[in-house]
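The values are calculated or read from the model by the stated rules, or taken from the named source; none is laboratory data. All of these numbers come straight from a predicted model, not from anything done at the bench. Quick reminder, even Gly has a Cβ in these numbers, built from the backbone with ideal geometry, and neighbours come from all protein chains shown. Ligands, DNA and RNA are excluded from the accessible area calculation, which covers all protein heavy atoms including side chains. Shrake-Rupley method; radii C 1.70, N 1.55, O 1.52, S 1.80 Å.
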Amino acid sequence: MTTAAASDLVPATPNALALLLLAMADDEFVIGFSDSEWTGIAPLLEEDVAMSSIAQDELAHAQALFRLLADVVDDGRDADAIAYDRPADGYFHARLLDHARGDWAQTIARRFLYETADAVRLEALAGSSYLPLRDLVGKIRREERYHAMHITAWLERLASTAGEPRNRLLAALDRLALDAATVLAPLPDELSLLMAGVVDAPGSDLDARWRAAIAPVLARLKLPMPPPAADPPRARTDHSDAFRWLHGEFTSVRRLDPRAAW
Amino acid sequence: MIAFVDESAVRAALAEVPDPEIPVVSVVDLGMVESVEVAPDAIRVELLPTFVGCPALDVIREAVEQRLAGFGRAVGVSFGYRVPWTSDRITAVGRERLRAAGFAPPDDPAAMRCPYCGSGEVALDNLFGPTQCRSLHYCRACRQPFESFKPV
């Protein structure tokens with residue numbers, strides 16, 4: 001916390017804090033499960049290892065965030081119950097993550113858009129007045145640094161290889177375009193989080209920071225900037241059939257044995 | 001009769017608890033032990049996870065509880081992020097033990113040396129390795145693939 005003394009801050013409403021944690025946890029959870037589908041079938045053995053390791057990191061971040069959420073919600077549900085016992089419509093991830101993993105180019109394009117937006121979100125929480133989240137974010141950022149190096153290298157590799165690699169990347173960015181900016185779309189009641197010092201800026205500022213961060217990379221690689229989110233209030237609702245399928249997959253073990261551990 | 005126990009006795013015992021994934025180093029060598037508190041009826045140990053998703057944490061918790069059970073007090077093991085674990089917490093002894101077992105200790109990429117022959121002619125094969133905390137390298141001098149501990 002740098003901008004105000006603790007006594008100046010009003011507590012965030014539990015609901016606003018819960019929605020922030022839910023958005024972050026569901027984002028990491030859904031992209032983690034989606035990308036773990038590459039385990040065993042990635043285009044290179046090295047990428048099989050890398051994508052599996054990255055997915056494992058994301059699922060672990062989701063689990064840690066679900067634990068914080070369980071404490072805030074305090075309704076008797078543990079992290080597993082929150083993670084697995086909701087119908088597909090009850091998930092609150094960004095629509096960017098509603099797309100199927102698609103081909104390798106789509107996975108890379110989506111990871112780039114997501115990781116860069118998530119980095120801006122984590123930075124905005126680095127001085128959070130909600131200490132359990134601040135501490136966890138401090139740890140998560142050290143791990144995400146490796147994801148950023150990995151995804152930037154792949155984006156450059158595909159973008160600068162003329163023919164099929166670049167064409168597939170452009171096609172993927174085009175398919176994702178309308179949902180590209182959904183990760184940082186303003187959350188309901190974000191004013192309460194701002195006034196409490198949980199986050200350091202509103203969603204509109206975070207979106208501007210994200211655009212400033214990715215613009216030089218995309219310009220250098222002659223790739224298009226994503227347009228604004230098509231429908232910000234629906235940025236985290238009305239999920240796709242691709243997600244419904246994934247939901248059926250990732251809840252299957254839980255439905256088979258509710259006591260199974262992660 | 002209650003056995004005598006103080007913090008250094010507990011730390012000495014923890015130095016015998018191996019990391020389940022790289023058993024040549026202990027949780028003390030890795031710098032995972034943040035605090036040890038000895039109360040009249042309990043011993044509390046705060047450990048720092050190397051990675052948020054380290055799947056070995058439950059195994060480590062059980063191993064610590066088992067190793068300290070002999071002190072005859074309730075043992076509480078907690079994991080937290082209040083202090084982030086960083087790779088520079090690995091002790092000098094820990095770094096030497098890693099090297100001897102074929103793992104390059106965490107370093108700047110420019111300072112990376114092959115743990116087998118000591119050559120600096122090494123290439124990074126993959127940032128990601130068989131566990132979250134390891135990367136894969138290849139030594140051009142002795143033609144040996146090897147792993148390193150990720151600097152975090």
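Using a probe of 1.4 Å, the accessible surface attributed to B:PHE79 totals some 50 Å² when neighbouring protein chains are kept in position. Sequentially through the range A:28-45, phi angles give Karplus couplings (6.51, -1.76, 1.60; θ = phi - 60°) of 5, 5, 6, 5, x, 5, 4, 6, 5, 5, 7, 4, x, 10, 5, x, 10, 4 Hz, Gly and Pro residues having no value and appearing as x.
Peptides A:158-170, A:133-145 ranked from most to least packed by the mean count of surrounding Cβ atoms within 10 Å: A:133-145, A:158-170. When Rg and Dmax are taken over the Cα atoms of the protein assembly as shown, they come to 22.7, 79 Å. Amide H contacts for B:GLY76 (H built 1.01 Å from N in the peptide plane; partners 5 or more residues away or on another chain; cut-off under 5 Å): B:ILE43, B:ARG44, B:VAL45.
Return the calculated 222 nm mean residue ellipticity for chain B, to the nearest 500 deg cm²/dmol, obtained by summing -39500 (n - 2.57) across DSSP H runs with n ≥ 4 and dividing by the residue count. Don't skip to the end; give the middle numbers.
Working: 3 runs with 29 residues, N = 152.
When only DSSP H runs of four or more count, the value is -5500 deg cm²/dmol.
When only Cα pairs below 8 angstrom with a gap of at least 6 residues are kept, the range B:102-149 shows a relative contact order of 37 percent.
Couplings 3J(HN,Hα) of the range B:85-97, computed from phi: 5, 10, 5, 7, 7, 5, 6, 4, 4, x, 4, 5, 5 Hz, in residue order, whole Hz [Karplus 6.51 cos²θ - 1.76 cosθ + 1.60, θ = phi - 60°; x for Gly and Pro]. For A:VAL199, nonlocal amide neighbours, meaning residues 5 or more places apart or on other chains whose placed amide H falls under 5 Å from its own, are A:LEU194. Convex hull volume of the C-alpha atoms in chain B, normalised per residue: 99 Å³.
Please compute the contact order of chain B in relative form: average sequence separation of alpha-carbon pairs under 8 Å and at least six residues apart, divided by the residue count, as a percent.
Details: 266 pairs, mean separation 28.7, N = 152.
It rounds to 19 percent for chain B.
Note on the range A:12-256: with neighbouring protein chains present and a 1.4 Å probe, carbon and sulfur make up 59 percent of its accessible heavy-atom surface. Here the relative contact order of chain A, from alpha carbon pairs under 8 Å that lie six or more residues apart, stands at 26 percent. Summed over both chains, the area buried between B and A is near 1800 Å², taken from the accessible surface of protein heavy atoms with a 1.4 Å probe. Placing +1 on the Cβ of every Lys and Arg and -1 on the Cβ of every Asp and Glu, with no other charges, gives chain A a dipole of roughly 580 debye about its Cα centre. Using only Cα positions of the range A:12-256, each an equal point scatterer, no hydration layer, compute I(q)/I(0) via Debye at q = 0.07, 0.13 Å⁻¹ and quote the log10 values to two decimals. These q points yield log10 I(q)/I(0) values of -0.21, -0.78. A simple rule links phi to the HN-Hα coupling: the Karplus curve 6.51 cos²θ - 1.76 cosθ + 1.60 with θ = phi - 60°, which for the range B:111-123 gives 9, 5, 10, 5, x, 8, 10, x, 5, x, 7, 10, 10 Hz, with x for Gly and Pro.
Provide the gained length on full extension for the span A:LEU221 to A:ALA260, in nm with one decimal, where the gain is 0.36 nm per separating residue minus the Cα-Cα distance. Before the final figure, lay out each step's value.
Numbers: separation 39, 0.36 × 39 = 14.04 nm, distance 4.54 nm.
In short, 9.5 nm is gained.
Among the protein heavy atoms of the range B:102-149, carbon and sulfur supply 46% of the accessible surface, probe 1.4 Å, non-protein parts ignored. Centroid-to-centroid, using Cα positions, the range B:76-152 and the range A:25-72 are 23 Å apart. Considering helices alone, the calculated mean residue ellipticity of chain A at 222 nm is -20000 deg cm²/dmol, with DSSP H runs of length four and up weighted by -39500 (n - 2.57) and normalised per residue. Summed over the residues of the range B:102-149 and divided among them, the accessible surface reaches 47 Å² per residue at a probe radius of 1.4 Å.
Keeping every protein chain present and rolling a 1.4 Å probe, give me the accessible area per residue for chain A in Å².
Values: 11350 Å² over 262 residues.
Roughly 43 Å² per residue, with all protein chains present.
Once backbone amide H atoms are built at 1.01 Å from N, B:PHE146 has B:HIS137, B:TYR138, B:CYS139 as its partners under 5 Å, excluding neighbours fewer than 5 places away on the same chain. The range A:234-262 and the range A:116-188 have Cα centres separated by 23 Å.
Label positions at B:ASP107 and A:THR251, each projected 7 Å from the Cα along the C-beta direction, are separated by 5.1 nm.
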